[in-house]
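Student: Let me begin by handing over the structure; questions about it come next.
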Amino acid sequence: MPVYNLKINGTAHSIEADPDTPLLWVLRDHLNLVGTKYGCGIGQCGACTVHVDGTATRSCLLKVSMVEAMEITTIEGLSEDGSHPVQIAWKEIDVPQCGYCQAGQIMSASAFLNTNANPSKEDIRDAMSGNLCRCASYNRIEKAIETASSKLS
Amino acid sequence: MKSSNNIHLSRRSFIKTSALAGGGMLIGFNLFQACKPEAKPPVDISQLNFNDFNAFIKIADNGMVTIFSPNPEIGQGVKTSMPMLIAEELDISWDNVRVVQGALDTENYTRQVAGGSQSIRLGWEPLRQTGATARQMLINAAAQRWNVDPKNCTTEAGVVKGPDGATLGYGELVKDAAVLEVPEEVTLKKPEDFTIIGKDIVNVDVDKIVTGKPLFGLDYKEDGMLTAVVMRAPSFGLKLKDYDASESKNVTGVVDIIDVKNRIAVLAKDTWTAMKARDLIKANWEEDTEIESTAMHDKKLMDLLNGKDFKTMRADGNVKKAFAEADQVLERVYESPFLPHNCMEPMNFFADVQDEKVRLVGPIQTPERTAQQVATLLERDVKDVSVEMTRMGGGFGRRLYGDFAQEAALISNIVKKPVKVVYTREDDMTAGVYRPAIKYKISASIKDGEITGYHLKEASINSNMYGLIPNFFPAGAIENYQVDVAKYDSNITTGAWRAPYTNFLSFAEQSFFDELAEVLGKDNIALRLELLEKVKGTTDERIQYSPERLQNVIREAVAKSGYGQPKEGVYQGFSSYYCHNTHVAEVADVVMENEVPVVKKVTCVVDCGVVVNPLGAKNQIEGGVLDGIGHAMYGNFTFEKGTPVDKNFNTYHLIRINETPQVETHFIKNDYAPTGLGEPALPPAGAAVANAIKIATGKRLYKQPFVNELKVKAPLG
């Protein structure tokens with residue numbers, strides 16, 4: 001099996017995997033970074049969202065062979081101790097219910113705020129429409145992104 | 001609870017204490033049953049035995065309190081709210097409380113079930129009594145040391161205060177308190193003295209969730225564990241004929257491929273390999289039982305509804321006579337599809353079946369039942385089977401069923417290795433235990449402008465409404481009242497789905513009452529209040545909804561939402577409902593955008609008694625309302641050739657953030673014992689929206705999902 005050199009959360013990793021293995025499963029099964037979640041496997045739910053060169057990307061659709069030399073950030077690497085403004089806002093607003101989708105929500109929200117630091121409600125709703133929350137904690141996701149945005153600006 | 005009181009229950013039967021070897025005091029208690037006489041809490045904190053005690057409180061000699069919570073967390077917040085009850089009566093600062101889920105390697109223990117929005121209701125008294133008992137023992141220890149009457153001592157935030165101003169921290173007292181006798185009588189706080197109950201407390205696992213720590217079943221791993229992905233019959237009604245797995249066997253990383261009772265399991269070293277190899281199996285299936293479809297179910301259910309083969313669940317007066325003598329009859333049929341649960345965490349379970357013992361780990365709401373089922377399946381003594389619960393990435397009823405745990409056990413039993421079964425989303429949606437499709441026919445007889453009779457008929461798949469549901473509103477309000485049920489037995493597996501039966505019955509009933517008000521030429525709110533008036537003073541014990549409390553939430557929802565005086569361009573729909581011991585009223589505000597009705601806001605008024613944790617409670621209400629709207633609006637789930645047409649989120653529509661209204665929640669303030677919140681906000685939501693859409697568009701909705709009826713493409717948000 002081929003070996004891939006990946007850069008994840010600032011650390012270099014050599015991974016032996018089939019070229020078509022999705023980044024999601026490399027993270028979860030090979031590197032034990034299980035914060036990135038499996039939800040649908042077809043890029044429809046956003047639970048597996050990570051940052052690839054700063055952009056929110058569905059890791060279930062990204063083959064390991066495509067991400068060499070790219071900067072990959074997972075929820076475990078967003079901050080050292082949960083101190084990213086989006087994570088702080090998530091705690092302050094008490095967003096999670098079951099919590100399963102929240103890492104993906106936070107990764108989408110943090111990448112989005114990097115491109116739009118002062119979003120309107122509509123901007124937030126559009127930007128986050130790719131992330132499903134089955135508990136429907138949507139009102140609080142909206143509020144937490146507003147809170148994070150005010151912390152950032 | 002109207003006021004504080006001395007309760008003369010025997011606490012000795014369910015609470016026992018020990019002095020910890022490393023310092024501190026351990027209180028073991030068994031929430032819903034008595035401990036065995038010989039049971040003793042351990043002196044070593046690593047040896048917690050959840051067989052005799054299903055929860056523990058450790059008070060360390062520095063005053064820190066650790067609560068080992070027995071409750072599985074599906075997302076309803078009980079892992080936070082139940083410890084709050086203990087901490088309140090123990091009289092400590094929440095900042096000094098840590099909540100821990102029971103140790104992972106504990107052997108042979110079982111715990112209680114999470115389901116039916118009952119955790120807080122059942123835990124309210126015993127959990128507070130446990131906290132109060134511990135507090136009393138600390139007071140007794142202090143009084144002994146000071147040589148004063150315990151009655152003259154008080155507590156505040158983890159400190160016992162003596163009559164002469166002397167103080168001792170709990171930590172300084174634990175060594176003495178641990179060896180005292182458990183008091184028989186304790187005094188609970190008055191609600192006005194609460195310092196934790198009623199305060200906003202953030203979910204105790206939030207740090208772990210936002211940093212992506214392993215919490216869920218899918219995150220669980222052990223050395224040497226294999227991942228199993230299973231090929232199951234592609235349709236309900238098919239059985240395995242033969243298969244060729246030669247291509248799958250050649251995939252690097254595949255360890256084994258086995259037959260498991262009509263299924264084929266691929267075992268691999270990692271998940272992706274197992275998924276990929278499973279899809280390479282070429283299997284042939286043959287018809288075993290009838291292959292069903294939605295068109296067939298529609299016909300069967302309609303035939304049942306129009307037939308005579310019913311079981312009567314409640315009958316008051318003489319419905320037949322009332323209808324025969326009526327001036328007018330209103331009769332309407334309401335239809336709902338099957339629904340999948342779609343927990344965001346797909347079904348999965350870990351099993352390690354060995355000669356000495358069977359270990360199961362994963363997300364399950366019913367550990368005891370699952371242990372029993374696995375014991376039966378493997379012909380093992382249930383004492384050899386342990387079930388450990390992880391946090392659950394959603395439940396909604398699906399994780400009451402242990403089919404996936406049994407599957408994991410069967411596979412591990414064959415390969416004699418630790419195995420984790422993982423469902424793909426497609427597996428999860430096609431091998432479900434679905435909410436059954438249901439149709440209701442509701443008829444009302446009208447004589448001289450009054451409702452004289454009410455007849456509710458249910459036609460459902462596999463099972464019918466149960467428990468007290470036939471006695472919900474309007475039972476007791478209408479003299480001639482009857483509820484009849486019938487079912488069609490299908491080979492498609494069905495079961496509980498968040499607020500079973502009421503999740504759709506509420507839509508049917510509350511839509512019907514709005515239409516009935518229209519026919520009677522009455523105000524829809526006045527009609528509801530008037531009917532509830534007739535229930536007051538009822539002596540019928542089957543009627544457990546309170547007409548006063550339901551009237552109260554109705555009036556409050558009208559006031560808070562400005563119902564009846566909407567702003568220009570806003571159309572409001574009303575709905576009120578009682579289920580899971582909680583009374584709720586909701587008003588939906590709808591506006592027309594590009595000729596499409598859009599829900600902008602929902603005002604929700606809830607009477608759930610004392611609100612233990614308002615921050616968590618509101619989260620449940622917001623989620624329940626949006627879930628109710630999402631499924632009423634978009635939940636389009638049909639079967640063709642024995643299998644669901646939609647198998648993943650590319651075609652199956654779950655509500656998304658850009659389609660959601662804002663939910664405004666108000667709680668009725670009172671001192672009644674708290675009732676559940678995981679479910680009751682969901683059922684009224686569909687009718688509130690449908691009643692608003694009727695006013696906005698003139699179209700009355702009888703069938704879910706609404707998108708099909710409104711003939712508009714999603715999104716409606």
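The values are calculated or read from the model by the stated rules, or taken from the named source; none is laboratory data. As the structure is a computational prediction, the values presented were derived from the model and not from experiment. Neighbour counts run over all protein chains shown; Cβ positions are idealised from the backbone, glycine included.
Student: Mind checking which residues of the stretch A:50-80 are assigned to a strand (DSSP E or B) and either more than 11 Å from chain B (Cβ to nearest Cβ) or farther than 11 Å from residue A:108 by Cβ (or both)? Can you show your working first?
Tutor: Restricting attention to the stretch A:50-80, the residues satisfying the condition of being assigned to a strand (DSSP E or B) are A:50-52, A:55-58, A:63, A:71-73.
Scanning the stretch A:50-80 gives A:51, A:52, A:55, A:56, A:57, A:58, A:63, A:71, A:72, A:73.
Student: Find all pairs meeting these conditions: Cβ atoms under 8 angstrom apart; at least six residues apart or on different chains; first residue within the stretch B:282-304 and in contact (Cβ under 8 Å) with a residue 12 or more places away in the chain; second residue assigned to a helix (DSSP H, G or I).
Tutor: These pairs meet every condition: B:282/B:247.
Student: Can you tell me which residues in the stretch B:194-228 are charged (D, E, K, R), within 21 Å of residue B:83 (Cα to Cα) and at pLDDT 95 or above?
Tutor: The answer is B:199, B:200, B:207, B:208.
Student: Tell me which residues, restricted to the stretch B:322-337, are of a type outside the set (Phe, Trp, Tyr) and in contact with a strand residue (DSSP E or B) (Cβ under 7 Å, 6 or more places away or on another chain).
Tutor: Within the stretch B:322-337, B:322, B:325, B:326, B:327, B:328, B:329, B:330, B:331, B:332, B:333, B:335, B:336 meet the criteria.
Student: Same structure again: Given the options A:111, A:47, A:117, A:12, name the one that is of a type outside the set (Ser, Thr, Tyr), more than 12 Å from chain B (Cβ to nearest Cβ) and assigned to a loop (DSSP other than H, G, I, E, B).
Tutor: Exactly one of A:111, A:47, A:117, A:12 is of a type outside the set (Ser, Thr, Tyr), more than 12 Å from chain B (Cβ to nearest Cβ) and assigned to a loop (DSSP other than H, G, I, E, B), namely A:117.
Student: Select from the stretch A:17-29 the residues that are assigned to a helix (DSSP H, G or I) and either basic (Lys, Arg) or more than 7 Å from every other protein chain (Cβ to nearest Cβ) (or both) and list them in ascending order.
Tutor: A:23, A:24, A:26, A:27, A:28 - these are the residues of the stretch A:17-29 that are assigned to a helix (DSSP H, G or I) and either basic (Lys, Arg) or more than 7 Å from every other protein chain (Cβ to nearest Cβ) (or both).
Student: Scan (1) over 18 Å from the mean Cα position of the chain (by Cα); (2) closer than 18 Å to residue A:133 by Cα; (3) of a type outside the set (A, V, I, L, M, F, W, C) for the single condition residue B:618 breaks and write down its number.
Tutor: (1)
Student: From the list B:575, B:546, exactly one residue is modelled with pLDDT of 95 or more and crowded, with 23+ Cβ neighbours inside 10 Å. Which is it?
Tutor: Details: B:546 fails: crowded, with 23+ Cβ neighbours inside 10 Å.
None of the others qualify; the one that does is B:575.
Student: Ok, one more. Would you confirm whether any residue within the stretch B:638-645 is of a type outside the set (Val, Ile, Thr), surrounded by fewer than 22 Cβ atoms within 10 Å (Cβ to Cβ) and in contact with a Leu (Cβ under 6 Å, 6 or more places away or on another chain)?
Tutor: No, there is no match, as no residue in the stretch B:638-645 is of a type outside the set (Val, Ile, Thr), surrounded by fewer than 22 Cβ atoms within 10 Å (Cβ to Cβ) and in contact with a Leu (Cβ under 6 Å, 6 or more places away or on another chain).
Student: Select, from B:673, B:692, B:681, the only residue that is over 19 Å from residue A:97 (Cα atoms) and under 24 Å from the mean Cα position of the chain (by Cα).
Tutor: Result of the check over B:673, B:692, B:681: B:673.
Student: Restricting to the stretch B:421-445, what's the tally of residues that are within 12 Å of residue B:493 (Cα to Cα) and among the charged types (D, E, K, R)?
Tutor: Residues meeting the conditions: 1.
Student: Looking at the structure I just gave you, is residue B:164 modelled with pLDDT under 95 and under 23 Å from residue B:620 (Cα atoms)?
Tutor: no
Student: Mind listing whichever residues of the stretch B:145-204 are surrounded by 14 or more Cβ atoms within 10 Å (Cβ to Cβ) and within 14 Å of chain A (Cβ to nearest Cβ)?
Tutor: Matches in the stretch B:145-204: B:199, B:201, B:202, B:203, B:204.
Student: Among the strands (runs of 3 or more DSSP E) contained in the stretch B:160-273, which hold 2 or more residues that are more than 30 Å from residue B:18 (Cα to Cα)? It would help to see each step written out before you state the result.
Tutor: Numbers: elements: B:167-169, B:226-231, B:238-244, B:254-260, B:263-268.
Correct list: B:226-231, B:238-244, B:254-260, B:263-268.
Student: Collect the residues in the stretch B:307-324 that are without any contact (Cβ under 8 Å) to a residue 60 or more places away in the chain and either surrounded by 14 or more Cβ atoms within 10 Å (Cβ to Cβ) or assigned to a helix (DSSP H, G or I) (or both), keeping them in residue-number order.
Tutor: Within the stretch B:307-324, B:320, B:324 meet the criteria.
Student: I'd like to check something: does the stretch B:254-270 contain any residue that is assigned by TED's automatic domain parsing to the domain that holds residue B:223 and on the phi > 0 side of the Ramachandran plot? Working first, answer last.
Tutor: Here is the first cut: in the stretch B:254-270, the residues assigned by TED's automatic domain parsing to the domain that holds residue B:223 are B:254-270.
Cutting the leftovers down to on the phi > 0 side of the Ramachandran plot gives us B:261-262.
Yes, the stretch B:254-270 contains at least one residue that is assigned by TED's automatic domain parsing to the domain that holds residue B:223 and on the phi > 0 side of the Ramachandran plot.
Student: Next question. Kindly indicate which of B:206, B:179 is of a type in the set (Val, Ile, Thr) and without any contact (Cβ under 8 Å) to a residue 40 or more places away in the chain.
Tutor: Working: B:179 fails: without any contact (Cβ under 8 Å) to a residue 40 or more places away in the chain.
Among B:206, B:179, only B:206 is of a type in the set (Val, Ile, Thr) and without any contact (Cβ under 8 Å) to a residue 40 or more places away in the chain.
Student: Identify the residue in the stretch B:573-600 that is assigned to a strand (DSSP E or B) and of a type in the set (S, T, N, Q) and, among all such residues, is nearest to residue A:122 (Cα to Cα).
Tutor: Let us first name the residues in the stretch B:573-600 that are assigned to a strand (DSSP E or B), namely B:573-579, B:582-593, B:596-600.
With of a type in the set (S, T, N, Q) added as a condition, the list becomes B:575-576, B:582.
Details: B:575: 28, B:576: 31, B:582: 34 Å.
So the residue we want is B:575.
Student: Another one. Within the stretch B:555-572, is there a residue that is buried (at least 24 other Cβ atoms within 10 Å of the Cβ), outside any strand (DSSP E or B), in the same structural domain as residue B:700 (by TED's automatic domain parsing) and touching a residue at least 12 places away in the same chain (Cβ under 8 Å)?
Tutor: Yes: the stretch B:555-572 contains one or more residues that are buried (at least 24 other Cβ atoms within 10 Å of the Cβ), outside any strand (DSSP E or B), in the same structural domain as residue B:700 (by TED's automatic domain parsing) and touching a residue at least 12 places away in the same chain (Cβ under 8 Å).
Student: I would also like to ask the following. Against the definition (more than 13 Å from chain A (Cβ to nearest Cβ), under 31 Å from the mean Cα position of the chain (by Cα) and crowded, with 18+ Cβ neighbours inside 10 Å), how does residue B:248 come out, yes or no?
Tutor: no
Student: Next question, about the same structure. What number goes with the only condition from (1) on the phi < 0 side of the Ramachandran plot; (2) surrounded by fewer than 21 Cβ atoms within 10 Å (Cβ to Cβ) that residue B:218 does not pass?
Tutor: Condition (2) is where residue B:218 drops out.
Student: Got a number for residues in the stretch B:601-629 being outside any helix (DSSP H, G or I), within 12 Å of chain A (Cβ to nearest Cβ) and not polar (S, T, N, Q)?
Tutor: The total comes to 3.
Student: So which of B:211, B:154, B:130 is touching a strand residue (DSSP E or B) at 6+ places or on another chain (Cβ under 8 Å) and either of a type in the set (A, V, I, L, M, F, W, C) or free of Cβ contacts under 8 Å to residues at least 40 places away in the same chain (or both)?
Tutor: Exactly one of B:211, B:154, B:130 is touching a strand residue (DSSP E or B) at 6+ places or on another chain (Cβ under 8 Å) and either of a type in the set (A, V, I, L, M, F, W, C) or free of Cβ contacts under 8 Å to residues at least 40 places away in the same chain (or both), namely B:154.
Student: For residue B:368, indicate whether it is surrounded by fewer than 24 Cβ atoms within 10 Å (Cβ to Cβ), touching a Ser or Thr at 6+ places or on another chain (Cβ under 7 Å) and not polar (S, T, N, Q).
Tutor: Working: surrounded by fewer than 24 Cβ atoms within 10 Å (Cβ to Cβ): yes; touching a Ser or Thr at 6+ places or on another chain (Cβ under 7 Å): yes; not polar (S, T, N, Q): yes.
Considered against the rule, which asks whether it is surrounded by fewer than 24 Cβ atoms within 10 Å (Cβ to Cβ), touching a Ser or Thr at 6+ places or on another chain (Cβ under 7 Å) and not polar (S, T, N, Q), residue B:368 comes out as yes.
Student: State which residue is surrounded by the fewest Cβ atoms within 10 Å (Cβ to Cβ) when the search covers only the stretch A:117-133 and only residues that are closer than 26 Å to residue A:76 by Cβ and more than 17 Å from the chain's Cα centre (by Cα).
Tutor: A:117
Student: Could you please give the count of residues in the stretch A:126-139 that are facing chain B (nearest Cβ under 7 Å) and part of a helix (DSSP H, G or I)?
Tutor: So the answer is 3.
Student: Shifting gears a bit: Out of all the residues in the stretch B:374-426, which are without any contact (Cβ under 8 Å) to a residue 12 or more places away in the chain and either in a loop (DSSP other than H, G, I, E, B) or within 14 Å of chain A (Cβ to nearest Cβ) (or both)? Give the derivation first.
Tutor: Narrowing the stretch B:374-426 to residues without any contact (Cβ under 8 Å) to a residue 12 or more places away in the chain: B:376, B:379, B:381-382.
If the condition is that a residue be without any contact (Cβ under 8 Å) to a residue 12 or more places away in the chain and either in a loop (DSSP other than H, G, I, E, B) or within 14 Å of chain A (Cβ to nearest Cβ) (or both), then B:379, B:381 are the ones that fit.
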